[in-house]
Amino acid sequence: MDDATLIEQVLAGNTHANRFLIEKYKNLVWHMVLRMVSQQEDVEDLCQEVFLRVFKDIGKFRGESKLSTWIGAIAYNMCITYLRKKGKNLVVPVEDYTPVTAGMPSEDSADKAFDKNNMKKIVHQIIESLPVQYRTVITLFYLEELSYKEIEEITGMPDGTIKSYLNRGRQAIREGIIKLVPDMQPELQVTK
Amino acid sequence: MGRENEQMNELDRLIREALKEKPEWELSLTFTDTLLEKVEKRLWWREVIQAFAMKTAIVVGTLAILLVILILPSRDTSNPFLTLLLDNWQLVTGICLLVLFTFFSDQVLLKYFNFRVSYQNTG
């Protein structure tokens, strides 16, 4: 079912269309909320609030962007509002950020082989410790595989800022990994 | 959309793999059902309240027009109808509130209880 038909059906009050919309976009919303809001207990409630807003405002959707980016933008704005209410500082220059590596498994500290899973865990934890904007852009780019334009539509950030966040975030992750696994340095050269 | 032809290197691969790992916890299995129930309830409330507000506005508007027609032509304070209303304003207000409540019960509360019963039976 394409987006236009889906919206038409939702507006007509078709329950199956409502279910279809939730199933189609719940992973996008969940990934965004999960990365932006670290409080696990609030993630599900916030995801529900996002969808309630989507159903409330779907009549206002003009089709100027993809439905996924429109829903993503609602999720992004609601997470930002949530974080502001919680008093989180949303503007942290990555230059001021030091990757949190304490307590993470490191190559020499582990008895067992430093395997792929450990590396994934490390990368994951470094991403989790990044400032929220970087985390969001990285998630949308790598996990949802969205283009810069789509990320721009969701976050409202200019193209240059997105690229900058992405590069600085990547750099921070790289530094975090090298700090824990110095052997990885030659493999982690940034190429474009 | 293209990915700006960006070449994926080892770091990109690591980030992508780490993010694609299944998280420790997921949305509950009842997420969609719970959400659908909330959505349907909200839509239902909105429709019922809108209908009630519209019907009330029509009734109140009609009554207001009738009153204006009856009272305005004779601005005489000795208008018997106006005097009757003003003398018994507490009773008139009480009757109006009672009618409004009965209307609300019929149009909203009864419908809500029926909706709940039918939802529980089907759900």
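Among the residues making up region A:1-29, those that are of a type in the set (V, I, T) and surrounded by fewer than 17 Cβ atoms within 10 Å (Cβ to Cβ) are A:T5, A:T15. Condition first: at pLDDT 90 or above and of a type in the set (D, E). Can you find one or more residues in region A:56-67 that meet it? Within region A:56-67, one or more residues are at pLDDT 90 or above and of a type in the set (D, E). State yes or no: is A:R53 within 14 Å of chain B (Cβ to nearest Cβ), surrounded by 13 or more Cβ atoms within 10 Å (Cβ to Cβ) and without any contact (Cβ under 8 Å) to a residue 24 or more places away in the chain? No: the conditions fail for A:R53.
When restricted to residues that are over 27 Å from the mean Cα position of the chain (by Cα) and touching a residue at least 24 places away in the same chain (Cβ under 8 Å), region A:1-18 contains 1. Residue-level check: of (1) open to solvent by 20 Å² or more (accessible area, probe 1.4 Å); (2) without any contact (Cβ under 8 Å) to a residue 24 or more places away in the chain, A:S147 misses just (1). Can you find a residue that is open to solvent by 60 Å² or more (accessible area, probe 1.4 Å), over 30 Å from A:Q40 (Cβ atoms) and within 14 Å of another protein chain (Cβ to nearest Cβ) anywhere in region B:50-63? Yes - at least one qualifying residue is present in region B:50-63. Could you please give the count of residues in region A:1-39 that are in a helix (DSSP H, G or I), modelled with pLDDT under 90 and among the acidic types (D, E)? The number of residues fulfilling the criteria is 1.
The values are calculated or read from the model by the stated rules, or taken from the named source; none is laboratory data. Everything numeric here is computed off the predicted structure, so don't read it as measured data. Every residue, glycine among them, receives a Cβ derived from its backbone with ideal geometry; neighbour counts consider all protein chains shown. Remember, those area values only see protein heavy atoms, side chains included, never the ligands or the DNA or RNA. Shrake-Rupley method; radii C 1.70, N 1.55, O 1.52, S 1.80 Å.
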